[in-house]
1. Stretched out fully, how many nm does the piece from Ser36 to Glu141 gain, at 0.36 nm a residue minus the Cα gap?
2. By counting other Cβ atoms within 10 Å of each Cβ, how are Cys103, Cys245, Cys58 ranked from fewest to most?
3. Report the full-extension gain for the segment Ile65 to Leu313: residue separation times 0.36 nm, less the Cα-Cα distance, to one decimal in nm.
4. FRET efficiency for Phe220 and Lys78, Cβ-Cβ distance as r, R0 = 22 Å, nearest 0.05?
5. Give a quick list of trypsin sites (Lys or Arg not before Pro) in segment 281-328 that DSSP marks as loop, anything other than H, G, I, E or B, with at most 16 other Cβ atoms within 10 Å.
6. What does the helix-only formula give at 222 nm for the chain: each DSSP H stretch with n ≥ 4 adding -39500 (n - 2.57), the total divided by the residues, and the result rounded to the nearest 500 deg cm²/dmol?
7. Given a Förster distance of 45 Å, report the FRET efficiency between Lys200 and Lys111 from their Cβ-Cβ distance, rounded to the nearest 0.05.
8. For segment 31-38, what does the Karplus curve 6.51 cos²θ - 1.76 cosθ + 1.60, with θ = phi - 60°, yield as ³J(HN,Hα) per residue in whole Hz, taken in order and with x for Gly and Pro?
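Coordinate-derived values only; no laboratory data. Treat the numbers as computed from the prediction; the structure is a model and nothing was measured. A quick note on method: Cβ atoms are made from the backbone with ideal geometry, for glycine too, and the neighbour counts reach across all protein chains shown.
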Amino acid sequence: MRLNDYILETPSYGWADENGNFIKPTFSQIFNEFLSRINIFKDSKNWLPFLGWFWVLCLLPFFLILMSKFSLTWDFFKLVLIGFVYGMIIMGSHGTFWYHRYCTHSAFTFKNAFWRFIGQHLVVKVVPEEVYVLSHHIHHEKSDKPGDPYNAFGGFFYCFFADTNHQLINRNLNEEDYKQASKLMNHTGCPINSYEEYKKYGSVVSPSYILISWVLNWSFWITVFYLFGEFVMTSVGGWNLILACLAGTFVWAVGIRTFNYEGHGKGKGENAWSELDLNRKDYSINQIWPGFVAGEWHNNHHLYPTSSRSGFLSYQIDTPYYLVRLFAAIGGVVEYKDYKKHFIENYYKPFKETHKYKNEVSQNAE
């Protein structure tokens, strides 16, 4: 077996049956697996998936308090708008910029560790890098096949709980396999555990780094929100700005767990493709909403995973790419990959010619 076939911890219900066919678990199986994997009393190595959901629970009160303020007034809608912009656009674009294009695919290169640190902490952090990076490499290799950690054919909850049930590193790798697996994280700047530490914690990154990083990151941004609200957005106020931004962060933290189900056509297979989903090697699709708010043109991305841009067409807004260009302009990024020209020449122009030919044939037939 290849390392990528067992680099992730296999769920109790398995990836495939003895004939290699995808196993679609029931909701009960999925939820029981989730409960088992966040149970830190059962196994202290469950600290990482537990922490990911603990952060979500920490954000939940801010969302509930904001909703409790509901009224048909400009003050309420102003807070909702701030939360929307921060959660959907800022958090969403940073997720694509940092976790997706940099940490997983190395689509661009930071000048040094300082700029990488800035890029990492541009927003409130709610996703540990290793949970995203290792599994996303497997997702691209096994898209919509058994072993894909967020296989849309498994259903909504298969994807929603994937960060806990399917995206964790195998805790029983031998030393050589662990060294190979941990190399996928080397460029992220996260300190990598030794093999002995990996066996102790069940993770690539130590709990102390994750916890200290979380405390400092949240403390910094909550302070920034308060000061900005008090002295710049005085009509909003410091506490209200904290409330709006953290409520928006909660919505993003929950929403991101639904993305791959939607981004791979809800398990509808080729029936979910549009004409401009030109990558037909898997069932990824381009969606207007994730594309506009987070630059996540997913079918384009699967066609060119290492591109710093996936919004190749004129209407395909790509804020993460614009952020890469901004970093490049100020010297923070020294190299980035952009496959727009290759996409236009090799996919879009042939599509247009074929489409034109089909229309002419249809008109002549009429």
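1. Working it through step by step, the gained length comes to 35.1 nm.
2. Lowest to highest Cβ neighbour count: Cys58, Cys103, Cys245.
3. Details: separation 248, 0.36 × 248 = 89.28 nm, distance 4.02 nm.
That pair, Ile65 and Leu313, stretches by 85.3 nm at full extension.
4. 0.35
5. Details: sites: Lys281, Arg309, Arg325; in loops: Lys281, Arg309.
Sparse-neighbourhood loop trypsin sites (Lys or Arg not before Pro): Lys281.
6. After summing the helix terms and dividing by the residues of the chain, the value is -15000 deg cm²/dmol.
7. For R0 = 45 Å, the calculated efficiency reads 0.85.
8. So the J values, rounded to whole Hz, are 5, 5, 5, 4, 4, 5, 7, 9.
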